[in-house]
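Report on one structure; see the data block that follows.
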Amino acid sequence: MASRQMTNDHLRLSWHDTQMMATLSPQTVMDYFCRKSNPFYDHMCNNETVRMQRLGPEHLHNMIGLEYILLHVAEPILYVIRKQHRHNPSEATPIADYYIIGGTVYKAPDLANVINARILNTVVNLQSAFEEASSYARYHPNKGYTWDFSSNKVLSDKSKSDKKDSNSAKDENSGTLFQKQRVDMLLAELLRKFPPPIPPMLQNLQQPPPAGDELNAAGNASEMNNATGPLDIKTEGVDMKPPPEKKSK
């Protein structure tokens, strides 16, 4: 936890030496970085031991421990220095990177700090946006929730212009009366030239029975008449005379 706090403190620091800023070069940048007033420089590193013994930088590869190396150069303004722990002449573990821009030394943030800073910035902006949006919300029992931008002149003018643009777009998309009638005429003409197909069920209802079926029905009716014979209905005469009258004795 203490190391994390120290890392965050170093990210807010910067250092420069006005006396040596004008003479920076790939040959003098390590001496510039290893000055005792630099808060990013660890005096217990192997570079300090080599300087005290007046040895060359090539002796760092034969030592074990903390060291600083020149990683990247983009003359005349950018220099990148790496802090690493050397285990053997061919293996070293990176610890931190520092970059010098215009003579000012900064510590490069690691990936975790970059992601945390971006997420925090995003959350803060979203929170402020939600708070500002909620301040324009209004509630009425009959209308429900609505937006009221009258307090903000810029948003009020923008909402009015958006309404005008939407209305004008609807009018343009609807077309003129001539265009509407012309489209109806074209559709009617196409429907007359290319009528839609009739469903099979309606086709069976509209078709008359074939001639052969009519003849078969007539033949069946005549056969039934011959087998049963004509129906003779005999009528008997009915005497319509009144009954005789009785004679008195």
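Just the protein heavy atoms count here, and of the accessible area of the stretch 14-108 at 1.4 Å, carbon and sulfur take up 54 percent.
Applying 0.36 nm per residue to the separation of residue 193 and residue 23 and subtracting their alpha-carbon distance, the gain on full extension is 52.1 nm. For the stretch 85-126, trypsin sites (Lys or Arg not before Pro) meeting the loop criterion (DSSP other than H, G, I, E, B) and having at most 12 other Cβ atoms within 10 Å: none. If the segment from residue 59 to residue 71 were pulled out straight at 0.36 nm per residue, it would be longer than the present Cα-Cα gap by 2.6 nm. Working ranking of peptides 98-105, 135-142 by packing, defined as the average number of other Cβ atoms within 10 Å per residue, highest first, is 98-105, 135-142. Among 15, 147, the order of accessible area from largest down is 147, 15, computed with a 1.4 Å probe on protein heavy atoms. Built from the Cα atoms of the stretch 1-91, the convex hull projects on average onto 7.0 nm², one quarter of its surface area. Sorting 182, 54, 192, 82 on solvent-accessible area from highest to lowest, probe radius 1.4 Å, gives 54, 192, 182, 82.
The values are calculated or read from the model by the stated rules, or taken from the named source; none is laboratory data. Not measured: the values here are computed from a predicted model. Glycine also receives a Cβ, built like all others from the backbone with ideal geometry; neighbour counts cover every protein chain displayed. With ligands, DNA and RNA removed, areas are computed over all heavy atoms of the protein, side chains included. Shrake-Rupley method; radii C 1.70, N 1.55, O 1.52, S 1.80 Å.
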